[in-house]
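So the structure is just underneath, and the comments pick up after that.
The values are calculated or read from the model by the stated rules, or taken from the named source; none is laboratory data. As the structure is a computational prediction, the values presented were derived from the model and not from experiment. Cβ: placed from backbone, ideal geometry, glycine included. Neighbour counts: every protein chain shown. Ligands, DNA and RNA are stripped out before the accessible areas are found, and what is left, the full protein with its side chains, is counted by its heavy atoms. Shrake-Rupley method; radii C 1.70, N 1.55, O 1.52, S 1.80 Å.
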Amino acid sequence: EEVPDAGIPAASRKIASLSSPLRAIIRLRRRYRVQKKSCLHLELPREKPTEFVHTRLLQRQLSLNRTGLYGPSMSLFNQTGFESSQYFTFDTSVEQHAMKKCRRKKSRRKSRMVLYPDKTKRYLPTEEKSKAKRCLFLLMAIIFFQILNAIENLDDNLQKYDLDGLEKTMHREVFGQKVAVESIVELLKDYLATHIHNKPLVISLNGPTGVGKSHVGWVLAKHFRSVMAHDFVLQYFVMHHCPNGVAPLTCEIDLSKKISDIVTRAEIEEKTPLFILDEVELMSPVLLDTLSRFFEPNQTNEFLNAIYILISNIGGGEITKFLIQNDSAELLRQHRGAEELVSIIQPVLSDVHPLWKSADIVPFVLLEKTHVINCFLEQMRREGLYPDQKHLEHLANQLSYYSTGDKQYSRTGCKQVVAKVNLQ
C-alpha cells in the first residue's frame, strides 16, 4: 500500500530530494552517533548515584517479569540468580582492594586456630607407639632368657662334677699349695662349664719332689671316679706301665689304645675323661710325641673333650732356687709369684719337648716345716694314732731343711713321712 504524502515528515522529504551519495553519508553519520551513544551508556561512572542504581534494579526486575511469560521454572531460576548474584564494579580503589585482602588473610588465620573453652583442661595429643619398639623389647627379652638358660646349663654341668666339693677336699688334704690348688680348680671350672671345646685341657704340675703333686693326682682321680664311672679316669705311671726293658713302640701302642677307648666311651655318654700321667720326665720321646698328637687342636670332636694332668719334677731346681732367693712367704702366697715361676719354668719345659707349649703350668713350691708337721699328723691319724705336738715336732726334726732367715723349707717335702710313721 502506498503511504500518502501527507504522512511523510518534512525532513524525510528533504532527504529524499537529495542525491543518493549524500543520503548515504547522512546514514553513516547517524549510525556512528548511535553507536557512540551506546558505548557511552556502557561505561559506568566511578561514583554511581542511588537513583541510577534503583533504575538499574527496576530495569532488571522488568526484564525478569517479561521472561516470566515463558514459564514459571524459567522465572524462578532467573529470580534466584538475581537474588544470589553479585555485581562487579570498578569503583573500588587499590587501597580498599589491599585492605580487603588483608582482612581475608586474617580471617583465614583465625579460622585455623583451635579455641578451647575456659573451663576445660588442655591435653596433648596421644603419641602413637611404634611397633618396632615392641619387637625390640621382645627380642631383648628372648636374648635375656637364652643367656639365663645358658648360665643355668653351665651351673648344672659344674654341679654334675661337684668342683666345689673338690676344692674343699684339696684345701683340706694338700698342705702349703694354696695358690696351686686355686689355679687347678679355676682351670677345671672354666673347661667343664661346657661340653664343646676347640682343644683339650692340659695341666702340668711341676715342682720339687715331695711337695704334693702326686697326692693332688690321687685326689683328682678319686673325686672324678666318684662323680663319673671308673672307666673315664686313667692313672698312668711310667715306671709301672712302661718299665725299663719294654720297647717304647709297645708302650706307645698301649697308651694310644687306652686313651682312644676311654675317649670314645666318654663321647657317647657326653662326659669328659680324665688322664693323669705321673712321672712324665721318665717318658721316652716316642711317648711324648704320641701325647703331643692328642693335644693338638685339629682333631675330631671326641679327642677335644679331655683333661690331661702331667706330673713331673722338671723345673724343680729352678723353683727351689727362686724360693730360696725370695724367701718372702707373702710373695709365694700370691698369684704374682706363681706367674714369675711360670715364666722361669716355661723355657725349661719347652727345651724338653714342644708339647708343654700347649699346657697350663701350675708350679708347686717347697713346703715349710709347719706343713711337714701337718703331713705327719694326717698320716698318723689315718693309722689310728693321735700323737701330741712334741712327738710330731720330734719326727719333723729328723728331716733335712733349707734354712733362709727365720724359715725352714723341707728338702724332701712329705715324701719320707710315710716311712717315718711306719717305723714308730
Query raised in the report: Mind checking which residues of segment 265-284 are out of contact with any strand residue (DSSP E or B) (no Cβ under 7 Å at 6 or more places or on another chain) and surrounded by fewer than 23 Cβ atoms within 10 Å (Cβ to Cβ)?
Result: Arg265, Ala266, Glu267, Ile268, Glu269, Glu270, Lys271, Leu282, Ser284
Query - Condition broken by Ser226, with the remaining ones in (1) in a helix (DSSP H, G or I); (2) in contact with a helix residue (DSSP H, G or I) (Cβ under 6 Å, 6 or more places away or on another chain); (3) of a type outside the set (A, V, I, L, M) satisfied - result: (2)
Query raised in the report: Got at least one residue in segment 239-261 being part of a helix (DSSP H, G or I), among the β-branched types (Val, Ile, Thr), open to solvent by less than 60 Å² (accessible area, probe 1.4 Å) and out of contact with any strand residue (DSSP E or B) (no Cβ under 9 Å at 6 or more places or on another chain)?
Result: no
Query raised in the report: Since Glu383 meets every condition but one in (1) under 45 Å from the mean Cα position of the chain (by Cα); (2) open to solvent by 60 Å² or more (accessible area, probe 1.4 Å), which condition does it not meet?
Result: (1)
